[in-house]
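The values are calculated or read from the model by the stated rules, or taken from the named source; none is laboratory data. Just so you know, these numbers come straight off a predicted model, no measurement behind them. For neighbour counting, all protein chains shown are included, and Cβ atoms are generated from backbone atoms with ideal geometry for every residue, glycine included.
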């Protein structure tokens, strides 16, 4: 039954993707406005897919994001399901930062290149260009999302060490950091076991935003503030599994 369920979920994922693809192709002609329109369409796709595969998302607000404010959203990274959850759980437009490997996925790679900012970590020019695009996205009044751990956390620790990138941009642009916690994605789809995908509850916790203080904080201090806050709440919610 587990194998049948996973096949059903993947077939449904692809089928719904083909429904939204013509809209995304059309909207891709219209720059940032088109990306925002595509975001709405993909959000609808995510709502339908999550419900049909039996994953019930619940947003928990330790603090609510301010409507209309743009953020550097940071989240822990523990599962392949983290990417679809972005579109299901976050209620405002956000451009994720993604590695080059995502862009090579047939068809889905086109969608991700349209909505996300793609960076090839092995290419210095790509990294430089990606940072420029992220800053331009913030200048347009849009939010960005970065997994500060970089890759999946496969350790026994609650969080892997953070890279500096998200926090450098926050300091340079004076943009508040909005931490999110994905509590259940690894239970629903373990990053080490493809056929482990299963239905269930998915909780996403929105933490209080953290404003960079240009006069007091260094990149390292801001990074540590965010790390400690995310670690504290991960420990808190682990007690209430």
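Some values worked out for this structure:
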{"item": "Some residue of the stretch 148-160 being over 22 Å from residue 219 (Cα atoms), touching a strand residue (DSSP E or B) at 6+ places or on another chain (Cβ under 8 Å) and touching a residue at least 24 places away in the same chain (Cβ under 8 Å)", "result": "yes"}
{"item": "Strands (runs of 3 or more DSSP E) fully within the stretch 28-117 counting 1 or more residues that are closer than 28 Å to residue 129 by Cβ and touching a helix residue (DSSP H, G or I) at 6+ places or on another chain (Cβ under 8 Å)", "result": "72-75, 94-99"}
{"item": "Among the candidates 168, 220, 228, 216, residue that is out of contact with any strand residue (DSSP E or B) (no Cβ under 9 Å at 6 or more places or on another chain), on the phi < 0 side of the Ramachandran plot and at pLDDT 95 or above", "result": "228"}
{"item": "Residue in the stretch 202-209 that is at pLDDT below 95, in contact with a strand residue (DSSP E or B) (Cβ under 8 Å, 6 or more places away or on another chain), within 28 Å of residue 5 (Cα to Cα) and surrounded by 18 or more Cβ atoms within 10 Å (Cβ to Cβ) present", "result": "no"}
{"item": "Out of 208, 179, sole residue that is in contact with a helix residue (DSSP H, G or I) (Cβ under 8 Å, 6 or more places away or on another chain) and either free of Cβ contacts under 8 Å to residues at least 40 places away in the same chain or part of a strand (DSSP E or B) (or both)", "result": "179"}
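One line per residue, one yes/no per condition, for (1) under 25 Å from residue 69 (Cα atoms); (2) part of a helix (DSSP H, G or I):
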| position | (1), (2) |
| --- | --- |
| 162 | yes, no |
| 172 | yes, yes |
| 175 | yes, no |
| 202 | no, no |
| 212 | yes, no |
| 223 | yes, yes |
| 229 | yes, yes |
| 236 | no, yes |
